[in-house]
1. Check the range 384-407 and report whether any residue there is over 21 Å from residue 457 (Cα atoms), assigned to a loop (DSSP other than H, G, I, E, B) and at pLDDT below 85.
2. For residues in the range 245-269 being in a helix (DSSP H, G or I) and in contact with an Asp or Glu (Cβ under 9 Å, 6 or more places away or on another chain), which is farthest from residue 234 (Cα to Cα)?
3. Starting from the range 283-299, keep only residues that are in contact (Cβ under 8 Å) with a residue 60 or more places away in the chain, then list their pairs with residues that are surrounded by fewer than 15 Cβ atoms within 10 Å (Cβ to Cβ) whose Cβ atoms are within a distance under 8 Å, requiring at least 6 positions of separation or different chains.
4. Can we say residue 242 is surrounded by 15 or more Cβ atoms within 10 Å (Cβ to Cβ) and assigned to a helix (DSSP H, G or I)?
5. Select from the range 104-119 the residues that are in a helix (DSSP H, G or I) and in contact with a Leu (Cβ under 6 Å, 6 or more places away or on another chain) and write down the one among them that is farthest from residue 38 (Cα to Cα).
6. Quick check on residue 135: is it part of a loop (DSSP other than H, G, I, E, B), at pLDDT 85 or above and within 28 Å of residue 55 (Cβ to Cβ)?
7. With respect to the numbered conditions (1) out of contact with any Cys (no Cβ under 8 Å at 6 or more places or on another chain); (2) closer than 30 Å to residue 468 by Cβ; (3) crowded, with 18+ Cβ neighbours inside 10 Å, which one is the sole condition not fulfilled by residue 63?
8. For the subset of the range 154-210 comprising residues that are surrounded by 12 or more Cβ atoms within 10 Å (Cβ to Cβ) and aliphatic (A, V, I, L, M), which member is farthest from the chain's Cα centre (by Cα)?
Amino acid sequence: MFKKIAPGFLNHLDTHLLTKYPIIWISKIHYILWYGFLLYIISAVIGFFVPVDLTSRIDSGLWFLLLSVLSFILSWFWGYRYLIFNKEKNFGNLKWGDEYKNFFLVFLCITVFAWFGSPFVVSYNTKVANMFTDKEIIADLNTLNEIEPFIPTNYYSYENTYDTTKKQTYFNVNKINGYNNYTPWRFLNDSINYPQIKSNYQLRLSYTPSADYNTVKAKVEKHIAVCNKYGVFPQYTADEMAANYVKAQKAGWIDINDIPLNNDYYKEQIKTAFNNIFDAKFGTLFIWDKDFLWGMFYVIFSLTLLLVLFKLNNWKQFLIMAIVMCLYPLVAFIFTQILFSYSDSEAAFQWFVFLLFVITIISIVVTASEKRSFKPFFNILNQIFFLIVVYMPMIIIYYLRRHSAVFEYYRYSYDYESPSATTIAQVKGQSVYIYDYRHYLDQYLYTYWQEQYDIWFLICKISPIIVFFICLPLMKKLFVKQLALPRRT
């Protein structure tokens, strides 16, 4: 299939690799890089041409997932071609270092498939980010925040009170609460990185109530014009909104039933639009988040290991191993829910995982000493060992933090209601708390142990991978040895 639609130079390269570099030829990496490049261009083009609706929350993650599913289906064609040529079984031991070449090539091929959605995300995000300039979007944001007090669609933006005698709620447009209605929360009051965005304090100072109808109407028209610019269309006219404001401004404290307070859903749309644009311009794409990158690495690593193990084992035993890996967590979960209380079930489930890991270690030792026969039961356990070994240090560290005194997980916390806090009566209209040294010591120790946990967890993420690659020849040798031993079915 690859040759029929491949350009001539690629087929010539394929023939050369077949005769000179069979491991590279088996991986089909040359085809994957070529077609992967074309698919990435298609992915980027799709991202560029997909229409943008700023009033709906942009979910690039969903597109990434959908394109990943499509890429996963396409990877089956490559996977079949890779698996049918098994140099490990048919030609005996490989040369030292070939297992590294094989693992790296498979890892690279799967990486190309796994990141198929990334050009779409980058292209789409770039298109959204370039719809408006930085100066333009910040100016419009400040404009809407400044004009918002002149748009009385609800009374929460103003000081309000409830009259228990009349059973009525009143508000006063002359006294605003003064919060940034449209500023995305991640950029709210960040005067260091975004000094151009007006703060709550600046907005409160700049607000001057007005009873002049024409002045208010001009502000409302400007508000509507900015909304329309981002595809949002308020369901009222400037005349009626200006009239409502002037009426409320002259009355001072006014009953919420005296003017219509509605038609403000569009404000959520414009807030969504600002969120989308600010995230695209100033945020970090989720595909570059370190946790996402680690997650992708482990997914690709596990898939690579599965393919390598498949070629080193009988397909029936590999299938049984896959079934065990699927059913064992389910059975362990059911048992822990039945036999243990809710508070103990999580720790009990992890002990089931530890038990399985210990059994696989025993299996590795027994298999390494076996010289006369091949035992499929141990072979299945050996496969499980290599699939979970890189994850076990992280699981152990997590368990120690959650269910032991290590890392002091339950001892220290931010408790602002602790007995060490002393409440001082109203000072300048606010309650002030003074804390003794124990409160600040608790905060320091909490931060310290959290940092220690992060350091050890990082070590447990990196070191098992390094050890695995160092011991990769031993893994190949173990399974090749089993293939050579007499079988006990």
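1. Within the range 384-407, none of the residues are over 21 Å from residue 457 (Cα atoms), assigned to a loop (DSSP other than H, G, I, E, B) and at pLDDT below 85.
2. 251
3. 283/186; 286/61; 286/292; 287/293
4. Against the criterion (surrounded by 15 or more Cβ atoms within 10 Å (Cβ to Cβ) and assigned to a helix (DSSP H, G or I)), residue 242 qualifies.
5. Ranking the candidates gives 106 first.
6. For residue 135, the condition - part of a loop (DSSP other than H, G, I, E, B), at pLDDT 85 or above and within 28 Å of residue 55 (Cβ to Cβ) - is not met.
7. (2)
8. 173
The values are calculated or read from the model by the stated rules, or taken from the named source; none is laboratory data. It should be emphasised that the depicted structure is a prediction, and the values quoted were computed from it without experimental measurement. FYI the Cβ positions are ideal-geometry reconstructions off the backbone, even for glycines, and counts take in every protein chain you see.
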